[in-house]
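Down below is the structure, laid out as structure tokens.
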Amino acid sequence: MIKARHFGLAAIFAVPAVVAVLSLIGLVAALIGDGVWNAIGWLGLGASVAVLVWALIVRRHR
């Protein structure tokens, strides 16, 4: 028998909120300027891709 896990709202929405903030920072940084701003944009937008890949890997290994 599998036990159901109970998570609070903070635990459920913490990672999506962080990914949303990083994506927003990445989008704004990419629009602001060049050089360092582009690097910040790549990192911010790449965070959502990294989280997606991590989630897919973890799901396949369960």
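Numbers at a glance
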{"item": "Cβ pairs under 6 Å, 6+ apart, first in the stretch 5-30 and closer than 20 Å to Gly41 by Cβ, second among the hydrophobic types (A, V, I, L, M, F, W, C)", "result": "Val19/Val51; Leu22/Ala47; Gly26/Leu45; Ala29/Trp37; Ala29/Ile40"}
{"item": "Residues that are of a type in the set (A, V, I, L, M, F, W, C) and within 13 Å of the chain's Cα centre (by Cα), drawn from the stretch 16-41", "result": "Ala17, Val18, Val19, Ala20, Val21, Leu22, Leu24, Ile25"}
{"item": "Matching residues in the stretch 1-12 - criterion: being more than 15 Å from Ala55 (Cβ to Cβ), of a type in the set (A, V, I, L, M, F, W, C) and open to solvent by 70 Å² or more (accessible area, probe 1.4 Å)", "result": "Met1, Ile2, Ala4, Phe7, Leu9, Ala10"}
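The values are calculated or read from the model by the stated rules, or taken from the named source; none is laboratory data. Computed from a predicted structure; not experimentally measured. We place every Cβ from the backbone using ideal geometry, glycine too, and count neighbours over all the protein chains shown. In case anyone asks, the SASA skips ligands and DNA or RNA and just uses the protein heavy atoms, side chains included. Shrake-Rupley method; radii C 1.70, N 1.55, O 1.52, S 1.80 Å.
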